[in-house]
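**Student:** So that we are looking at the same thing, I have put the structure below in structure tokens.
Values in this text are rule-based calculations from the coordinates and carry no lab data. Computed from a prediction, not measured in an experiment: that's the story for all the values here. Positions of Cβ are backbone-derived with ideal geometry, glycine not excepted, and every protein chain shown enters the neighbour counts.
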Amino acid sequence: MNSYPNIFRKLDLGFTELKNRIIMGSMHTGLEEIGDWKRISEFYASRARGQVALIITGGIGPNKEGSVLPGAAMMSNEKDVKNHMISTKAVHEEGSKIVMQILHAGRYAYNDKAVAPSPLKAPISPFIPKELDEEGIEKQISDIVQSAYLAKCAGYDGVEIMGSEGYLINQFLVSHTNRREDNWGGSYENRIRFPVEIVKRIRKKVGTNFLLIYRLSIIDLIPNGSSWDEVVLLAKAIEKAGANIINSGIGWHEARIPTIATSVPKKAFSWVTKKLYGQVSIPIIASNRINSPELAESVLADKCADLVSMARPFLADSEFVKKASENKSNEIVPCIACNQACLDHTFSMKLTSCLVNPRACRETELKYEKVILPKKIAVVGAGPAGISFSITAAQRGHLVSLFEEKDEIGGQLNFAKKIPGKEEFYGLLDYYINEVKRLKIDLITNHKVKHSDLIGFDEVVVATGVLPRKIDIDGYNNFNGVYDYQQIFSNKVSIGNRIAIIGAGGIGFDVAEYLSSSGISPTLDINKWMKKWGVIDPENERGGVLLSGGIKDFECSKEIFLLQRKNEKPGKRLGKTTGWIHRKSLEKKNVKMLSGVNYEKITPEGLLISFGEEKSDLQLLKVDTIIICAGQISELSLIKTICTKSVKYHVIGGAKKANELDAKSAIDEGCRLAAQL
Ligand code: NAP
Ligand code: SF4
């Protein structure tokens, strides 16, 4: 008996059927742009093999002006049709369905040819779009319709029309971006003509037996976004125009509310989808921050939606649905919603991958093949590098012994899990603990490895990680209250109410978040989270967001200074898509972030700082606690012991390179070495 009865119910759509209720949502991976269609088709086919019912491709442009950036993938000619046929065929051979998302970026196009209903620059783009005239509007509609028709020729089961996230169609819907006074602007009836015409004309062109999904922005999260009545009116009009399914779009890209980051509560927006459920008679899809079969099942059981869309969880594990169907939920590699190897890569023009699964989008290149002759391998250090090596090597059939000096595995992930907003790390650690047991990895904790422990192994992997960097400031040793970040998480030191954090990298930000928080984490309490960010029922406020932007003085009773020497915006080097969230969260708690700082001296009264090369503005920060988050150095003591004793060893993770090391590169290194040995 399967534990997820609602997930594994078929959905009858009349002319076609979905074999379960899970959809792989649209993601821009960058694979289409590389043009290696064998690789693209294997990416999709492996998710189809993993039994997902329906795949939605990354956004494909209908024409040059609508593509997200120059050179982005399009569906506009015969060559495109031939290429796409390779992946539709591969997915069909594995028994799943695939639809192509048509995305016209409008003013979000990173392109000086961008077009929009009105010539208003988006806050996230440097380009002022050209205002579309009547002829231009007709051209955009007809290009989108033609793209849908070509998708049908390429063997797709349907198309998804991207009508949300602030792209062109969304731009027509709200007065914030549509200032027109002709038939395409002004009244709401006029503003919705654009999507309604698109859906009507596509339906006419492709006939009835072709899926037409419309992604509708159910909560814009921008001031003066759509009202709830308008959302419902649009949904009804879209159904009438010929759509088969409505997908939920959450928030515009320019919204200053996090919508998919790890600090967003799980299934945070299902309540909005539920409001729409029953208002139309076609199926509705829920999305955003749903990353386990249990959550998907609860969304369906609570009648929030008919289908659940997950995107990033399919990067983390291509077999998500198959494992759920076999009641092996604890074997699913969990997506921790970090964005570090997926969206952050996309926004840095890099190919997508996944922090917890480096094989994502590299299926044809990075292979974990079963070994014929298993080796005995000792791994020293059970941080992200050591664990990912051990699991991958054991999956391949090697006999792995994993040594850890502490009483638990996970290394620095055990600090990350304690940060409010990063609770997903608990799930990742549970997955690792389960895999270590399931794969019968010989785990030896509370043990400091000696040379004699390593005798008899065919290979030794050193993954001993990092130590906090010590810094030299005048007065350091005379101040009772200087700690490194690891001591803070040990709960063994007493922390005062006036704190200076030295170093504003990822860990400095994490420590500031940790120390400025109190009570339950907003990530675990949706009401608290909504208050923090000013999210509200769109029935009460247009766009579902308070103009005030949420609570300013949020919960912090301590005075905290977060300091860096570099004269640049603090947090500038954090994740592309998440840095602003960390910064804003600290701003809401009045954490003072200072750049261009020189650390002059620690005195009994606190930390004396100055600014810039000229060492101006001498200031005494009257703090009782100073926390050093100044990066790390490699922990090499084991290597020093064994390198003289002819042990053959490999070094990975922080032990190899501490600078700029993060979990993404540590896991990647662990998996890649395990694939080779
Ligand atoms: P980091 O990002 O390198 O930051 C260390 C900070 O310490 C820098 O801001 C540096 O800034 C300062 N620093 C370095 N040497 C110093 C010295 N001698 N004296 C005073 N200040 C010094 O390292 P981290 O914060 O330890 O993070 C480690 C890795 O984990 C990084 O790759 C980071 O991206 C990753 N991580 C990421 C996240 C995330 O949210 N994405 C969270 C945690 C960790 P100045 O030189 O300007 O002062
Ligand atoms: Fe999820 Fe992070 Fe992987 Fe992206 S990189 S799929 S957010 S775990």
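**Student:** Could you line up 373, 276, 355 from fewest to most neighbouring Cβ atoms inside 10 Å?
**Tutor:** Going from sparsest to densest Cβ surroundings: 373, 276, 355.
**Student:** Of the options 647, 147, 540, report the single residue whose Cα projects farthest towards the positive end of the charge dipole of the chain (beta-carbon charges: Lys, Arg +1; Asp, Glu -1).
**Tutor:** In the chain, that residue is 647.
**Student:** Sticking with this one: Which of 129, 3, 118 sits closest to the plus end of the dipole of region 1-159, meaning its Cα is farthest towards the positive end, when Lys and Arg get +1 and Asp and Glu get -1 on the C-beta?
**Tutor:** 3
**Student:** A follow-up question, please. Going through the cross-link list 367/648; 323/450; 275/592, which pairs have a Cα-Cα distance over 29 Å in this structure? Intermediate results must be reported in sequence, preceding the final value.
**Tutor:** Working: 367/648 24 Å; 323/450 39 Å; 275/592 40 Å.
Where the Cα-Cα span goes over 29 Å, the pairs concerned are 323/450; 275/592.
**Student:** Same structure, new question: Arrange 21, 469 by Cβ neighbour counts within 10 Å, fewest through most, would you? Let's see the in-between values first.
**Tutor:** Values: 21 27, 469 15.
Ascending Cβ contact count within 10 Å gives the list 469, 21.
**Student:** Got the relative contact order for region 556-644 handy, in percent, Cα pairs under 8 Å and 6 or more residues apart? Write down the numbers at each step before the final one.
**Tutor:** Numbers: 99 pairs, mean separation 19.2, N = 89.
Over region 556-644, the number comes to 22 percent.
**Student:** Could you name the lysines whose alpha carbon sits less than 19 Å from that of residue 576, not counting residues in the same chain fewer than 8 places away?
**Tutor:** Qualifying lysines at Cα under 19 Å: 350, 422, 566, 584, 664.
**Student:** A further question on this structure: Would you list which aspartates and glutamates come within 15 Å of residue 274, measuring only between C-alpha atoms, while excluding same-chain residues fewer than 8 positions from it?
**Tutor:** Excluding near neighbours in sequence, the set is 229, 297, 302, 306, 537, 539.
**Student:** If you don't mind, there's one more thing I want to ask. Count charges around residue 496 for me, please; just the other residues with Cβ under 10 Å from its Cβ, Lys/Arg as +1, Asp/Glu as -1.
**Tutor:** Numbers: positive: 498, 558; negative: 559, 624.
Local charge sum for residue 496: 0.
**Student:** Follow-up question, since we're still on this one. Would you work out the Kirkwood radius for the chain? I mean one over the mean of 1/r across all pairs of different Cα atoms, in Å. Let's see the in-between values first.
**Tutor:** Details: mean 1/r = 0.0374 Å⁻¹.
Hydrodynamic radius (Kirkwood, Cα pairs) of the chain is 26.7 Å.
**Student:** So what's the angle, to the nearest 10 degrees on a 0 to 90 scale, between helix 228-241 and the longest Cα principal axis of the chain?
**Tutor:** 50
**Student:** Of the options 92, 102, 574, report the single residue whose Cα projects farthest towards the positive end of the charge dipole of the chain (beta-carbon charges: Lys, Arg +1; Asp, Glu -1).
**Tutor:** So the residue furthest toward the plus end is 92.
**Student:** Also, quick follow-up: Eight or more residues apart or on different chains, and alpha-carbon atoms under 17 Å: count the Lys pairs in region 1-156 matching that.
**Tutor:** Total qualifying Lys-Lys pairs in region 1-156 comes to 21.
**Student:** Run down the aspartates and glutamates and flag those whose C-alpha is under 17 Å from the C-alpha of residue 406, throwing out any fewer than 8 positions away in its chain.
**Tutor:** 430, 442, 453, 635
**Student:** Still on this structure: Report, in debye and to the nearest 20, how large the dipole of the chain comes out about its Cα centre when Lys and Arg carry +1 and Asp and Glu carry -1 on their Cβ. Walk me through the numbers on the way to the answer.
**Tutor:** Details: 90 positive and 79 negative charges, 155 e Å.
Once rounded to the nearest 20, the dipole reads 740 debye.
**Student:** So, in Å, what gap is there between the alpha-carbon centers of region 200-216 and region 162-181?
**Tutor:** 21
**Student:** Another one. Tally the DSSP beta bridges in the chain and give the antiparallel ones as a percent, rounded to 5.
**Tutor:** Counting only bridges with both partners in the chain, antiparallel ones make up about 20 percent.
**Student:** Let me ask you something else. Roughly what angle does helix 384-396 make with the longest principal axis of the chain, taking Cα atoms, 0 to 90 degrees, to the nearest 10?
**Tutor:** 70
**Student:** To test your reading of the geometry: what angle, between 0 and 90 degrees and rounded to tens, separates the Cα axis of helix 663-676 from the longest principal axis of the chain?
**Tutor:** 90
**Student:** For region 1-109, state which chymotrypsin sites (Phe, Trp or Tyr not before Pro) are in a DSSP loop and have at most 16 other beta carbons lying within 10 Å of their beta carbon.
**Tutor:** Values: sites: 8, 15, 37, 43, 44, 108; in loops: 8, 15.
The qualifying sites are 15.
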